[in-house]
Structure formats: structure tokens, C-alpha cells
Amino acid sequence: MLAAAGGVPGTLAAPPQSPEGHEASTGFALVGRGFVTFTVAWITPRLVDHPYYQQWNTRRDEQDSHRRASAAYTVMLLELANRSSLSVEGYLSVNVRLRVDGERRRPVADASLAADHPTLVPTQLLEHVDPGETFVRLYAFPKVGPEPQEVFFVVRPLWLLRRRTQVGHLPEFELRFQPRHLTFPP
């Protein structure tokens, strides 16, 4: 399962470039003497075999599962990198949405997805990302083809905490994608 991973505060490589024919989007907020970035990659079956995707997930069994899932669902990978002095907290997986031509869609969380692709089922728990940590999770949404004009991955506002005390919140992020630029499987 992809989960929070430790990082070194103050060091952050530039987000890797997605290969041609695939879409990724990044947004950031300046907070707590640092910043928080949200990078979202649209995972397609071909992308799972690329080093770009494999930097986030090196487990062969999960790669196979995500390859199959991305053929049946729209799979989005979210990386939240907290390079601030504050903690980020909230019901992130409960509140992410995919907005397709104005319609907001929730991640799929049905029994068949849970049986076939358990790492794609969103948690219903409070998620916490400490300073210097990176949170990575994949979400499956109902399939989106190349025809929509507007696709946005929406991250609802999350709380900013200093020593367990809320001191603010991040804004809502809308990360834009252009489906017609994607390389879809034949």
C-alpha cells in the first residue's frame, strides 16, 4: 500500500516530468516558512511500466493491479509533499473529487474495486502529514475518456496545525488535465 513516507526537510527535487502522452499537474502553497505541493498524475496502463510511475511504486504486484485498474477506471496518483514547518491534516481521501465538465465525481469505493484492487480503495480516516513527509495515494474514479474538455482533480481544504493546534488551512486546489493529450491503450 502506498502511504506516508519520510523525507528530509528543506530538500525537494523538482517534480519529475511525465513522459509524452501522459498528464500530470502540480500546485503549491507557501505556508509555515516553507511550502506544500500537490502533484497529481493521471495513471494509464502504459504509464505503469514507465520509471516516472515506478518512482512512486516499486512493488510489482501493485503495479500489475494498477495497470489493470487504469484500463477500467480513471486512476489518479496524488503526492502531497509537506515542506513546511506545519502539519497538514484532514479527511483527504474522503474529500478528493474529479471534476469532469463541471460534474464532481467521488472516488470509487465499491466491493468489486476492494476485491480486485484493495490499494485503490480510499480510506475514511483522518490523514496526517508531518513537516518533511510525503503522502502518496492512488484513487480510482469512474472512467473518463478523451472527449471531455475540462478535467480537474480537486483537493478540498486541509487544516494546518502547529503542535496539534489548528493555525489555518490550505485553499482548495484544482489541478487541471487535458484528456485529449493522453495516450490511451489501443
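Odds and ends about this structure:
- In summary, Val75 fulfils each of the numbered conditions (1) within 27 Å of Glu147 (Cα to Cα); (2) modelled with pLDDT of 90 or more; (3) out of contact with any strand residue (DSSP E or B) (no Cβ under 9 Å at 6 or more places or on another chain) with the single exception of condition (3).
- From Leu98, Leu113, residue being free of Cβ contacts under 8 Å to residues at least 60 places away in the same chain, part of a strand (DSSP E or B) and not acidic (Asp, Glu): Leu98
- Restricted to the range 83-95, and to residues there that are part of a strand (DSSP E or B) and out of contact with any Gly (no Cβ under 7 Å at 6 or more places or on another chain), the residue that is nearest to Ser70 (Cα to Cα) is Gly90.
- For the range 142-186, the set of residues classified as outside any loop (DSSP other than H, G, I, E, B), more than 18 Å from Arg106 (Cβ to Cβ), among the β-branched types (Val, Ile, Thr) and touching a residue at least 24 places away in the same chain (Cβ under 8 Å) consists of Val167 only.
- Candidate set from the range 35-55 (those that are surrounded by fewer than 19 Cβ atoms within 10 Å (Cβ to Cβ) and in contact (Cβ under 8 Å) with a residue 24 or more places away in the chain); member that is nearest to the chain's Cα centre (by Cα): Thr37
- Checklist (1) modelled with pLDDT of 95 or more; (2) farther than 13 Å from Thr74 by Cα; (3) not in a loop (DSSP other than H, G, I, E, B) applied to Val136, failing item: (1)
- Residues that are under 22 Å from Leu158 (Cα atoms), surrounded by 19 or more Cβ atoms within 10 Å (Cβ to Cβ), among the polar types (S, T, N, Q) and over 14 Å from the mean Cα position of the chain (by Cα) do occur in the range 77-89, at least one of them.
- Hey, Pro122 buried (at least 19 other Cβ atoms within 10 Å of the Cβ) and either at negative phi or part of a strand (DSSP E or B) (or both) or not: yes
The values are calculated or read from the model by the stated rules, or taken from the named source; none is laboratory data. These numbers come from a predicted model, not from an experiment. With ideal geometry, Cβ positions are generated from the backbone for all residues, glycine too; neighbour counts draw on all protein chains shown.
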